[in-house]
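Some notes on the structure that comes next.
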């Protein structure tokens, strides 16, 4: 897309790093920002390793991978990240207060025509946009995890999002080789409205003793032809993220079917967040993940 050449990604966690990878591979200059200096070299290492895997699978050439990596600059200075950026993609924690504080911080440094997007997986785009200085140029760009591999991007319009912003977002996502789908601004949108309650129900099945971790995941892999079992997928997504999405659904729709399972709450309270913490429904300390129940 000719009007977008430079993209700032705010947040260098797993999602932010994955988005930076996908955007850089799409030919855009990327500025990857994080408030934590130690996080940035880790993100660069993750991106380099991911690109190397792509080369190994003949998905890209070594030259393309090297060029993509060279397009990514990292910084802990907000002004350096977003000044003159055509598009800013927020990939912060799935916490509404954190995201809104970030929009207030970024506002003085944005150009008048800069588009602002959130990668939120569940929070109202209308509410987030209202905390920005540009609700008409604010949109949801929900990349799936892992962002470099998953083809879908959910495009979510807030009530004030302009038609021009929506068109620009679709064109941008498609320029990365992604397929887009429009989702209305309801809690958790489309994918997570359906997927995350399934994980929560699997956790209830574990909690109630219907099956253990291994049997529940085996049942869904073989009985429903899912590539990953729901508990394995929850660990991959991050149990804190799963809980945050369930809370958004429960609070936003006031329906008891979205009540987070108490076992999920306990795991998050214990810091057992899945792969990223080394323990969730599986223990990842050994060579092979081992069920914890």
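The values are calculated or read from the model by the stated rules, or taken from the named source; none is laboratory data. Since this is a predicted model, take the numbers as computed values, not measurements. Methodologically, a virtual Cβ is constructed for each residue, glycine included, from the backbone with ideal geometry; neighbour enumeration extends over all protein chains shown.
Number of residues in the stretch 6-27 that are assigned to a loop (DSSP other than H, G, I, E, B) and either in contact with a helix residue (DSSP H, G or I) (Cβ under 6 Å, 6 or more places away or on another chain) or surrounded by fewer than 24 Cβ atoms within 10 Å (Cβ to Cβ) (or both) equals 4.
Among 133, 95, which is the only one that is over 16 Å from residue 81 (Cβ atoms), within 13 Å of the chain's Cα centre (by Cα) and surrounded by fewer than 22 Cβ atoms within 10 Å (Cβ to Cβ)?
95
Of all residues in the stretch 158-171, those that are in the same structural domain as residue 135 (by TED's automatic domain parsing) have Cβ atoms under 6 Å from Cβ atoms of residues that are assigned to a loop (DSSP other than H, G, I, E, B) and surrounded by fewer than 20 Cβ atoms within 10 Å (Cβ to Cβ), 6 or more apart or on another chain, in 158/185; 171/1. Residue 116 meets the conditions (1) under 14 Å from the mean Cα position of the chain (by Cα); (2) part of a strand (DSSP E or B); (3) crowded, with 23+ Cβ neighbours inside 10 Å in every case but one. The failed one is (1).
Criterion applied to 221, 193, 259 was being in contact with a helix residue (DSSP H, G or I) (Cβ under 9 Å, 6 or more places away or on another chain), without any contact (Cβ under 8 Å) to a residue 60 or more places away in the chain and under 15 Å from residue 122 (Cβ atoms), and the one residue passing it is 193.
Remark: residue 177 falls outside the filter, which requires a residue to be outside any helix (DSSP H, G or I), in the same structural domain as residue 237 (by TED's automatic domain parsing) and either under 26 Å from residue 112 (Cβ atoms) or modelled with pLDDT of 95 or more (or both). Of the residues in the stretch 232-255, not one is modelled with pLDDT of 95 or more, over 30 Å from residue 117 (Cβ atoms) and crowded, with 17+ Cβ neighbours inside 10 Å. One residue stands out among those in the stretch 74-92 that are out of contact with any helix residue (DSSP H, G or I) (no Cβ under 7 Å at 6 or more places or on another chain) and crowded, with 17+ Cβ neighbours inside 10 Å: the one that is farthest from residue 12 (Cα to Cα), which is 86.
Screening 61, 3 for residues that are surrounded by fewer than 20 Cβ atoms within 10 Å (Cβ to Cβ), free of Cβ contacts under 8 Å to residues at least 24 places away in the same chain and over 24 Å from residue 236 (Cα atoms) leaves exactly one candidate, 61. A count restricted to the stretch 179-195 and to residues that are surrounded by fewer than 17 Cβ atoms within 10 Å (Cβ to Cβ) and closer than 13 Å to residue 248 by Cα stands at 1.
Being within 30 Å of residue 185 (Cα to Cα), within 18 Å of the chain's Cα centre (by Cα), assigned by TED's automatic domain parsing to the domain that holds residue 159 and without any contact (Cβ under 8 Å) to a residue 24 or more places away in the chain is the requirement here; does residue 35 meet it?
Working: within 30 Å of residue 185 (Cα to Cα): yes; within 18 Å of the chain's Cα centre (by Cα): yes; assigned by TED's automatic domain parsing to the domain that holds residue 159: yes; without any contact (Cβ under 8 Å) to a residue 24 or more places away in the chain: no.
Spelling it out, it is not the case that residue 35 is within 30 Å of residue 185 (Cα to Cα), within 18 Å of the chain's Cα centre (by Cα), assigned by TED's automatic domain parsing to the domain that holds residue 159 and without any contact (Cβ under 8 Å) to a residue 24 or more places away in the chain.
Does at least one position in the stretch 204-224 carry a residue that is within 22 Å of the chain's Cα centre (by Cα) and in a loop (DSSP other than H, G, I, E, B)?
No, because not a single residue in the stretch 204-224 is within 22 Å of the chain's Cα centre (by Cα) and in a loop (DSSP other than H, G, I, E, B).
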